[in-house]
Amino acid sequence: MAKKNLHYTRNIGIMAHIDAGKTTTSERILFYTGLTHKIGETHDGTATMDWMAQEQERGITITSAATTTWWNYKGDKYKINLIDTPGHVDFTVEVERSLRILDGAVATFCAVGGVEPQSETVWRQADKYKVPRIGYVNKMDRSGADFYEVVRQVKEVLGATPCPIQIPIGAEETFKGVVDLIQMKAIVWHDETMGAEYAVEEIPDNLKDEAQEWRDKMLETIAEFDDVLMEKYFEDPSTITVEEIKDALRKATLSMKINPMLCGSSFKNKGVQTMLDAVCAYLPSPVDTPEIEGRDPRFEDKVVVRKPEEEESLCALAFKIATDPYVGRLCYFRVYSGSLPAGSYVYNPRSDKKERISRIFQMHSNKQNPVEVITAGDIGAGVGFKDIRTGDTLCAEDAPIVLESMDFPDPVIGIAVEPKSQADIDKLGIGLAKLAEEDPTFTVKTDEQSGQTVISGMGELHLEIIIDRLKREFKVECNQGRPQVSYKEAITQVVDHRETYKKQTGGRGKYADMVLKVGPVDEGFAGALQFVDEVKGGNIPKEYIPSIQKGFQAAMRNGVLAGFPVDQLKVVVVDGSYHPVDSDQLSFEICAQLAFKSACAKARPVLLEPIMKLEVVTPEESMGDVIGDLNKRRGQVEGMESSRTGARIVKAKVPLSELFGYVTALRTITSGRATSSMEFSHYSEVSTSIAKAVVEEAKGRVELL
C-alpha cells in the first residue's frame, strides 16, 4: 500500500538564476493547487515562500522554503513536496543542500535573459547530485522573449538535450497560451479567472506547420533513446500513441538523457498547470530513484542499501538547521526509508548518540503543521535535537547507516564585528553560534593575533543579511570593520628539510627527529594535505606517523607569510629517529609544526586571492567605460557577446578585493542601466607588489594591538 502511494509523491525544487521567477512560479503552484486562496507577489513583499523580513524588503529569496501541496493529474491525486530555492550566488548553499535530498527539479529560465551565470551553477549542482529536471521558460510575456533561443542556449551552454514538448502561441504582449506537441492541441488561458481556467482548442491555422515541425523534432529526440519508438518513427510516425511518447519521455528524463522544455508566464498566470502536469508525468517519485546507499559505521568498507519502503529500518538525512523564535532549533530532514514518529528516539552515527524527537512537523514555508509521523519518501522537520548538524544521518541504533554528506564551498570574504555595548557581548556570541549552525558557508572565528571576532561568508550581501538578522532576531547592534578578502597561502617549490625537536627538563624529556620533503601537491589531488609515509626500517615507529600528519594539518591553518591558511601541501616523511624514553606522540606533533614553519619559509611561499567570474550586461554606449573600469580593477575580459535585446554582455575574471562596492560604481558609470552578477571562480597567485602590501597590512593590524 505504501509503495503504491509513493508512486504519487514528488519531491521537487524550483531552481534558477536570480530574477527568473522562481518564487512567483511557486506562488502560482500554491494558488492553483488550492493551498493558498490569494496569490502572493514578490514585488509586494506578500509571497508566502519569501517569509523573512529581509526577503520581503529586498524582493529576493534568501533561504529555501519547503511546503507540501496536492495536484490532480489524470484522475490521481499527487502529493508534491516543493522547495523554492534562492537564485543569488551568495546563498548557493541553500540550493546545494536542497538538491542533495530532492528527486527532481524544475529549472526555470527567463525567456529574455536565457541561460545566465547562476543558471549554469545550479545546473552543475543538479548534475552533481544526479537530479532529473524539466525546463520551464518563464516570462514569455516580456519584451524580447524568445523560447527557441533559450532552448538553443540550454543545448549549447549547458550541454543538455532540451526537448520542447510545447511551443508558445504568440510572444511578448501577444502571448496567450501554448501548443501541446504530444496531444497536438492548443491550450489558451482565460485572464478573467486569474489563469485558473483554460481552454483546450484546435491549433490555430497559422501555427499548424510549425507545430508539426516541432513535433517531428520532439519524436526524433525521444526516439534516439527508445528502440521501439525509433522503429515506429521510421516505419510510420502516425502510429505512435500519446502514451508511448509519454512513457519513452519519462524514461529518458529519469535517466537524465533528456530535459522536457515547457514555457509560460507565471506572473500573467499562464503555463503553471501544464508545468505541474509535466512534474507528475516526467519527474521521478521516490520509488523511481535508485536505492539509497550508505556505509555501516561499524565496518568502514561495508556498503548498506535501503529501499524507499516504510517496512525498512529508518534512514533519514538532516539537510538544514533553522532557528525558529517559537519552537527553537528546527531540523529539516528527508526520510529515505522506514518511518519517523513524533516522540521516538533516533541514532546519530556522527555523534554516536541517541536523541529524542519531541515533535514533528510538515512545513508550509515558516509555518509548522504538527503531524504524528513522517514516512519514507517524505520531507519534514522536527524539534528536540541537542547535537545535530547539516548533513547528519538519522537512523535506527540496531541498523546504523551513514549517508554521504554534502560539500560546501569555503567563505571568500570576512569582516570584523564587535557589539556596540558591553552588555551585548554574550548575545552576539549566542546569535553568531546559531547563525553558523544554520549556514555551513558562514563561519565565525576569533583572530588569534588581533583578538577580533571575524565573520566570513560568500559575499557582501551574505554578510549584510547576517548582520541584519543579528539586529532583528537577536537584538544585537554591531560595529563592523572593512571587508577582508579570505586570502590563502601556497608553496611553489619542493624542499628537503630535517627538523629535530629536543627539550630536556628534570626527568623525562621530549625528543623527535624527522627528515622530510615538503612541496606542492601532485596534479589532480583534490584534498588539502597529501601525506606520504616513506619511513623504512622502523626509524620512526608507526604509532608516531599519525601525529606527524596531525601536526601538519594543524599548522596549515596559519601560513608563514601572513598567517593565512595554506591551501594545499604535500609532505613526504623520508626518515628520522626517536628516543625510546623521551619520544612520544606530542613530541612528533610539535616537531611537525616546527618543520612546517621552517620548510615552508624556504619553499617560496606565495599569496593566493579569490578570483570571481563576473558578467556585466550593459548598453552598447557604456561598454568602453565598463571595460576600462574592469581593467583598472585588474580584471581579465574573457569575452563579449550581444544579447537579443541589443545590450552587450561582458564576461571577465576579476579579483574579489577589487569588487567591493562594484554595483554602486557600475550604476554610476552606466547611469544605472547596467546589471552585473558574479560567482566564485578559483584562487590565483597575487602579484609581488600587492602580496607585499597585504602582508604588511596583516602584520600592521597585529602591531596596532
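Listing for the model above:
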item	result
Hits among aspartates and glutamates - C-alpha to C-alpha of residue 302 under 19 Å, sequence gap 8 or more where chains match	291, 293, 312, 352, 392, 397, 398, 404
Reachable aspartates and glutamates, given that their alpha-carbon falls under 13 Å from the alpha-carbon of residue 536 and they are not under 8 places away in the same chain	575
Globularity index of the stretch 410-552, i.e. its alpha-carbon radius of gyration over 2.2 N^0.38 Å	1.50
Over 19 Å (Cα to Cα) - which of 602/692; 503/542; 386/445; 651/692 fall in this group	503/542; 386/445; 651/692
Degrees, to the nearest 10: 425-438 long Cα axis against longest axis of the chain	50
Accessible area per residue, Å², the chain with all protein chains present, probe 1.4 Å	45
Residue 689 paired with residue 399, simple spin-label distance in nm, labels 7 Å along Cα-to-beta-carbon	6.7
Highest-first arrangement of 70-79, 430-439, 333-342, 103-112, where packing means the average Cβ count within 10 Å	103-112, 333-342, 430-439, 70-79
Cβ crowding within 10 Å averaged over residues, with 222-228, 144-150 ranked highest first	144-150, 222-228
Subset of 74/139; 420/597; 77/270; 320/632; 128/570 violating a 31 Å alpha-carbon distance limit	420/597; 320/632
Computed P(r) (all Cα pairs; the stretch 482-534; 10 Å bins; percent)	16, 33, 25, 19, 7, 0
Taking the chain and dividing mean pair separation by its residue count, relative contact order in percent (alpha carbons under 8 Å, at least six apart)	9
Interchain or long-range residues, amide H under 5 Å from residue 353's placed H	348
Residue-averaged [θ]222 nm for the chain, counting only DSSP H segments that reach four residues, each worth -39500 (n - 2.57)	-8500 deg cm²/dmol
Peptides ranked, highest mean first, by Cβ atoms within 10 Å: ranges 536-548, 127-139	127-139, 536-548
Apportionment of accessible area to carbon and sulfur, the chain, percent (1.4 Å)	49
Helix 585-602 axis, angle to the chain major axis (alpha carbon atoms, nearest 10°)	80
Whether the stretch 241-329 is rounded, prolate or oblate, judged on the alpha carbon gyration tensor where a/c under 1.5 counts as rounded	oblate
Rounded tilt (10° steps) of 545-555 against the dominant C-alpha axis of the chain	70
Whole-angstrom gap from the stretch 156-198 to the stretch 347-386, using each part's C-alpha centre	39
Relative contact order %, the stretch 203-262, counting alpha carbon pairs below 8 Å whose residues are six or more apart	26
25 °C / 0.890 mPa s Stokes-Einstein diffusion coefficient of the chain, Kirkwood radius on C-alpha pairs, µm²/s	87
Point-charge dipole on Cβ atoms (K/R +1, D/E -1) for the stretch 549-705, about Cα centre, debye to 20	200
Total charge dipole magnitude, the chain, about the Cα centre, Cβ charges on Lys, Arg, Asp, Glu only, Debye to nearest 20	2100
Length added when fully stretched, residue 667-residue 77, from 0.36 nm per residue minus Cα-Cα	207.4 nm
Estimated Rh, the stretch 90-228: Kirkwood, alpha-carbon pairs, angstrom	16.6
Shape call, the stretch 130-187: gyration tensor on alpha carbons, a/c limit 1.5	oblate
Kirkwood Rh in Å, taken over all unlike Cα pairs in the stretch 294-443	16.7
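The values are calculated or read from the model by the stated rules, or taken from the named source; none is laboratory data. Just so it is clear, the structure is predicted and the values come from calculations on it, not from any experiment. Virtual Cβ from ideal backbone geometry, glycine too; neighbours counted across all protein chains shown. What goes into the accessible areas is simple: the full protein's heavy atoms, side chains included, and nothing from ligands, DNA or RNA. Shrake-Rupley method; radii C 1.70, N 1.55, O 1.52, S 1.80 Å.
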